[in-house]
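A short worksheet on the structure shown next.
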Amino acid sequence: MKAADREGLSPSQIRNFRKHLADWYRLHARILPWRGAHDPYRVWVSEIMLQQTRVAAVIDHYERFMRLFPTLVSLALAPEADVLAAWSGLGYYRRARMLHKAAQFVTQELSAKLPTDSVGLRTLPGIGVYTSAAVASICFGERIAVVDGNVERVLLRITGRPEVASAAAKNFIHHLASDLVPAKRLNEKGNAAGDHNQAMMELGATICLPRGPLCLHCPVYGLCRTRGEHLTPPRPRQRSRPAAYLLATRKRRVVTEVLLERRADDASLMPGMLELPPLPLDAVEGREPILRLRHSITNTNYYVGIYAQTGSTSGALRRAVPAAKADLVWHPITRIQELPVTGLTRKVLARLRLDSVIGPETPEQRRA
């Protein structure tokens with residue numbers, strides 16, 4: 001007996017689930033730039049970008065990334081700094097570094113051809129269970145389940161189970177997700193497994209929402225045992241921390257330059273990236289920032305103050321910057337787009353309208 005049967009989904013319920021989901025997906029799937037792509041490289045890049053990142057934030061970055069690196073070989077040959085610059089604003093920069101390393105490995109060792117199954121894909125740097133399953137099913141039709149947070153939430157609600165962090169719960173989700181993936185029938189056109197996996201993720205992302213699910217629009221509402229939000233453990237409380245940064249600008253003929261600091265290569269977050277120089281909090285005590293904003297990284301909210309120092313002469317704020325002089329470099333504002341700049345720095349320059357070439361903030365950046 002299959003795991004799905006033991007947990008209360010009969011074979012007929014599984015068939016109904018697949019049919020209703022497939023019919024809904026054909027009518028309601030969002031039009032996204034990576035949907036329908038036959039190039040595994042393009043799907044791979046999109047899946048890496050979508051990890052822990054909202055679709056709305058990914059779309060513009062993805063399209064620009066593809067213009068800069070249209071092929072796996074072009075990505076492999078690019079300097080890492082250019083890859084990080086194109087990634088700037090998406091966060092979790094380790095993803096970009098590992099994507100770059102994997103492209104180099106595939107180019108050098110595999111004749112620039114991605115493996116065509118999930119087992120082979122998992123041998124590449126930065127590709128885990130989720131990404132390998134997504135690329136293998138979407139691009140090569142492998143019958144393997146793709147389980148992300150959206151899919152897990154759908155399966156928990158369908159079966160009326162609470163969210164429990166245990167090996168048994170993970171095993172249940174894996175078996176149920178696998179049972180639901182359809183096998184391709186003889187002479188059947190299309191990609192049954194890939195379409196099903198994309199439909200599952202789409203359902204969780206657009207209908208079966210974490211808060212306030214749109215149950216009346218759900219294609220599998222009749223099979224659902226929860227019909228609303230399911231029991232979840234309390235989330236870890238967000239930490240709050242103050243932070244201060246220096247905005248120092250100067251004019252070089254007609255070019256405006258901004259002072260940026262290069263993060264250490266061994267930094268735990270965003271190694272090697274460029275940012276506005278951080279300031280000690282005691283150095284800005286009693287001063288009024290020119291900009292205040294909130295910036296979230298993982299489970300921490302940073303309440304940021306930006307303090308201005310203009311002109312080429314050193315002042316109190318400039319002297320307060322703890323970074324070594326060698327790590328501080330003046331960069332033309334017009335070159336920001338080409339540099340591996342942190343998302344916070346890009347956001348600040350946009351808010352202060354010093355970003356004539358990097359474009360306006362996205363809705364995601366404004367909400368962060």
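Can you tell me how many residues within the stretch 67-120 are hydroxyl-bearing (Ser, Thr, Tyr) and either touching a residue at least 60 places away in the same chain (Cβ under 8 Å) or touching a helix residue (DSSP H, G or I) at 6+ places or on another chain (Cβ under 7 Å) (or both)?
6
Got at least one residue in the stretch 121-128 being in contact with a helix residue (DSSP H, G or I) (Cβ under 8 Å, 6 or more places away or on another chain), more than 30 Å from Ala267 (Cα to Cα) and not in a loop (DSSP other than H, G, I, E, B)?
no
Looking at Ser111, Ser88 in this structure, which one is in contact with a strand residue (DSSP E or B) (Cβ under 6 Å, 6 or more places away or on another chain) and outside the structural domain of Gly343 (by TED's automatic domain parsing)?
None of the other options fit; the residue is Ser88.
Just checking, how many residues over the stretch 245-266 are assigned to a strand (DSSP E or B), of a type in the set (Lys, Arg) and over 13 Å from Trp330 (Cβ atoms)?
Adding up the residues that qualify gives 0.
Just the residues that are surrounded by fewer than 19 Cβ atoms within 10 Å (Cβ to Cβ) and either in a loop (DSSP other than H, G, I, E, B) or on the phi > 0 side of the Ramachandran plot (or both), please, taken from the stretch 129-160.
If the condition is that a residue be surrounded by fewer than 19 Cβ atoms within 10 Å (Cβ to Cβ) and either in a loop (DSSP other than H, G, I, E, B) or on the phi > 0 side of the Ramachandran plot (or both), then Gly141, Arg143, Gly160 are the ones that fit.
Can you name the condition, by its number, that Gly204 falls short on among (1) part of a helix (DSSP H, G or I); (2) out of contact with any helix residue (DSSP H, G or I) (no Cβ under 7 Å at 6 or more places or on another chain)?
(2)
Find the residue count for the stretch 20-42, including only residues that are in a loop (DSSP other than H, G, I, E, B), under 12 Å from Ala199 (Cβ atoms) and small (Gly, Ala, Ser).
Looking only at that region, the number is 1.
Which residue, of Pro242, Pro289, Pro234, is touching a residue at least 40 places away in the same chain (Cβ under 8 Å), of a type outside the set (Gly, Ala, Ser) and not in a strand (DSSP E or B)?
After ruling out the rest, the residue left standing is Pro289.
Of the residues that make up the stretch 49-64, is at least one under 30 Å from Thr159 (Cβ atoms), touching a Gly at 6+ places or on another chain (Cβ under 9 Å) and among the polar types (S, T, N, Q)?
Yes, some residue in the stretch 49-64 is under 30 Å from Thr159 (Cβ atoms), touching a Gly at 6+ places or on another chain (Cβ under 9 Å) and among the polar types (S, T, N, Q).
Does the stretch 53-66 include one or more residues that are farther than 21 Å from Arg346 by Cα, of a type in the set (Gly, Ala, Ser), surrounded by 15 or more Cβ atoms within 10 Å (Cβ to Cβ) and touching a Leu at 6+ places or on another chain (Cβ under 9 Å)?
No, the stretch 53-66 has no match at all.
Can you pull out every residue in the stretch 267-286 that is in contact with a helix residue (DSSP H, G or I) (Cβ under 9 Å, 6 or more places away or on another chain) and either outside the structural domain of Ala244 (by TED's automatic domain parsing) or outside any loop (DSSP other than H, G, I, E, B) (or both)?
Leu274, Glu275, Leu279, Asp282, Ala283, Val284 - these are the residues of the stretch 267-286 that are in contact with a helix residue (DSSP H, G or I) (Cβ under 9 Å, 6 or more places away or on another chain) and either outside the structural domain of Ala244 (by TED's automatic domain parsing) or outside any loop (DSSP other than H, G, I, E, B) (or both).
For the stretch 319-328, does any single residue satisfy the condition of being in a helix (DSSP H, G or I) and touching a residue at least 24 places away in the same chain (Cβ under 8 Å)?
yes
Every residue, every condition in (1) more than 23 Å from Gly36 (Cβ to Cβ); (2) in contact with an Asp or Glu (Cβ under 7 Å, 6 or more places away or on another chain); (3) aromatic (Phe, Trp, Tyr), yes or no:
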site: His100; (1), (2), (3): yes, yes, no
site: Ala112; (1), (2), (3): no, no, no
site: Thr116; (1), (2), (3): no, no, no
site: Ala133; (1), (2), (3): no, no, no
site: Ala169; (1), (2), (3): yes, no, no
site: Ser178; (1), (2), (3): yes, no, no
site: Asn197; (1), (2), (3): no, no, no
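Any chance the stretch 60-77 includes a residue that's in a loop (DSSP other than H, G, I, E, B) and modelled with pLDDT under 95?
no
Taking the options Ala205, Ala165, name whichever one is of a type in the set (A, V, I, L, M) and exposed (fewer than 14 other Cβ atoms within 10 Å of the Cβ).
Ala165
Which condition from (1) touching a residue at least 40 places away in the same chain (Cβ under 8 Å); (2) closer than 30 Å to His38 by Cβ is the one that Gly190 breaks?
Checking Gly190 against (1) touching a residue at least 40 places away in the same chain (Cβ under 8 Å); (2) closer than 30 Å to His38 by Cβ, the one that fails is (1).
Run down Lys184, Lys189, Lys170 and say which single residue is of a type outside the set (Asp, Glu) and touching a helix residue (DSSP H, G or I) at 6+ places or on another chain (Cβ under 7 Å).
When all the criteria are applied, what remains is Lys184.
Any residue in the stretch 103-110 that is of a type in the set (A, V, I, L, M, F, W, C), over 30 Å from Leu9 (Cβ atoms) and surrounded by 17 or more Cβ atoms within 10 Å (Cβ to Cβ)?
yes
The values are calculated or read from the model by the stated rules, or taken from the named source; none is laboratory data. Small disclaimer: the values here were computed from a predicted structure and weren't measured. Reconstructed Cβ throughout: ideal geometry from the backbone, glycine too, with neighbour counts over all protein chains shown.
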